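Q: I'd like to ask you about the structure that follows.
The values are calculated or read from the model by the stated rules, or taken from the named source; none is laboratory data. Bear in mind the structure is a predicted one, so any value in this text is a computation, not a measurement. Methodologically, a virtual Cβ is constructed for each residue, glycine included, from the backbone with ideal geometry; neighbour enumeration extends over all protein chains shown. What goes into the accessible areas is simple: the full protein's heavy atoms, side chains included, and nothing from ligands, DNA or RNA. Shrake-Rupley method; radii C 1.70, N 1.55, O 1.52, S 1.80 Å.
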Amino acid sequence: MKMETTYTGFYARFNTLSKKDAAVLLGADNLVGDVFDIEFVTDDTRSIAWMKNRFGKLVGFFDPETTRRLRVLHARDWNLKAILSFVAYTDNPEPGEYWGEAALLCYAPEHEQIFTTFLQNTAARLTNGVRPEVDLGEQAIKQILDSNGTWAPTKTVPLPAKKNGTVIMKSHRKASEKLIEQGRKGNKGCYVVSWLFILAVVALGIFGLKSCGVF
């Protein structure tokens, strides 16, 4: 069995249509470490691969070259998944744009259970701001298969070099976001605490503004 016919992974940039469309990326519905499906959207001239979140919302699209790679794998009936790595904002050229990167993990369906475990472990590391290497060679892929998905690469990938006017908006999950996620999973106590934390931050901000004479 040739390893390259089993799995492929890489980091890829995604873009958004506008600042308004990008607003959803900054909210709690799209967290670093979230797993997205890939959906191909076709118009009159081209087909583009989009990231679709767990709530069914299309939030970012890939360039034609990445789309082409994903389409080839889709034609093999592979599972195509994206994990949010970071969200950034660049203010030039005007009017500025929101963009980011995702780790794309694609694998053959006959090994779905194994690579689902690997996917979940990779997502957990990205949640904490760690960007593990996902572009793996044959030996690494064999280790994944032999370990039933529990093996993890030690090598990490740095964030891309920041250009002037670029700010990283999200690169890991904040404590409040982790609490909100626990609440969604059924831990109501964490959900309540997360909102109390957010309200406390807002109240502190208002107090600071009043102290400065703004109100």
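Q: Do the conditions hold for residue 13, that is, is it loosely packed, with under 12 Cβ neighbours inside 10 Å and in contact (Cβ under 8 Å) with a residue 12 or more places away in the chain?
A: For residue 13, the condition - loosely packed, with under 12 Cβ neighbours inside 10 Å and in contact (Cβ under 8 Å) with a residue 12 or more places away in the chain - is not met.
Q: How about the stretch 1-23: which of its residues are of a type in the set (A, V, I, L, M), under 17 Å from the mean Cα position of the chain (by Cα) and assigned to a helix (DSSP H, G or I)?
A: Within the stretch 1-23, 22, 23 meet the criteria.
Q: State yes or no: is residue 54 at pLDDT 95 or above and of a type in the set (D, E, K, R)?
A: no
Q: Tell me which helices (runs of 4 or more DSSP H) are completely within the stretch 100-189 and hold 1 or more residues being hydrophobic (A, V, I, L, M, F, W, C) and loosely packed, with under 12 Cβ neighbours inside 10 Å, or say none if there are none.
A: Fully inside the stretch 100-189 and qualifying: 175-184.
Q: Something else about it: Hey, residue 155 hits all of (1) free of Cβ contacts under 8 Å to residues at least 40 places away in the same chain; (2) more than 26 Å from residue 77 (Cα to Cα); (3) within 15 Å of the chain's Cα centre (by Cα) but one; which does it fall short on?
A: (3)
Q: Restricting attention to the stretch 24-36, does a residue exist that is at pLDDT 95 or above, open to solvent by 10 Å² or more (accessible area, probe 1.4 Å) and not in a loop (DSSP other than H, G, I, E, B)?
A: Yes, the stretch 24-36 contains a residue that is at pLDDT 95 or above, open to solvent by 10 Å² or more (accessible area, probe 1.4 Å) and not in a loop (DSSP other than H, G, I, E, B).
Q: In this structure, does residue 210 turn out to be among the basic types (Lys, Arg), in a helix (DSSP H, G or I), surrounded by 14 or more Cβ atoms within 10 Å (Cβ to Cβ) and modelled with pLDDT of 50 or more?
A: Considered against the rule, which asks whether it is among the basic types (Lys, Arg), in a helix (DSSP H, G or I), surrounded by 14 or more Cβ atoms within 10 Å (Cβ to Cβ) and modelled with pLDDT of 50 or more, residue 210 comes out as no.
Q: From 2, 19, which residue is basic (Lys, Arg), farther than 28 Å from residue 181 by Cβ and at pLDDT below 95?
A: Matching residue, one of 2, 19: 2.
Q: To continue, here is another question. Name the residues in the stretch 58-94 that are β-branched (Val, Ile, Thr), in a strand (DSSP E or B) and open to solvent by 10 Å² or more (accessible area, probe 1.4 Å), would you?
A: Selection gives 90 alone.
Q: Out of curiosity, is residue 27 closer than 19 Å to residue 116 by Cβ and out of contact with any strand residue (DSSP E or B) (no Cβ under 6 Å at 6 or more places or on another chain)?
A: no
Q: Under 6 Å between Cβ atoms, which residue pairs at least 6 apart in sequence (or on different chains) link something in the stretch 38-55 that is surrounded by 12 or more Cβ atoms within 10 Å (Cβ to Cβ) with a partner that is of a type in the set (Lys, Arg)?
A: 39/52
Q: Residues in the stretch 1-10 that are among the aromatic types (Phe, Trp, Tyr) and surrounded by fewer than 20 Cβ atoms within 10 Å (Cβ to Cβ): how many?
A: Of the residues in the stretch 1-10, 1 are among the aromatic types (Phe, Trp, Tyr) and surrounded by fewer than 20 Cβ atoms within 10 Å (Cβ to Cβ).
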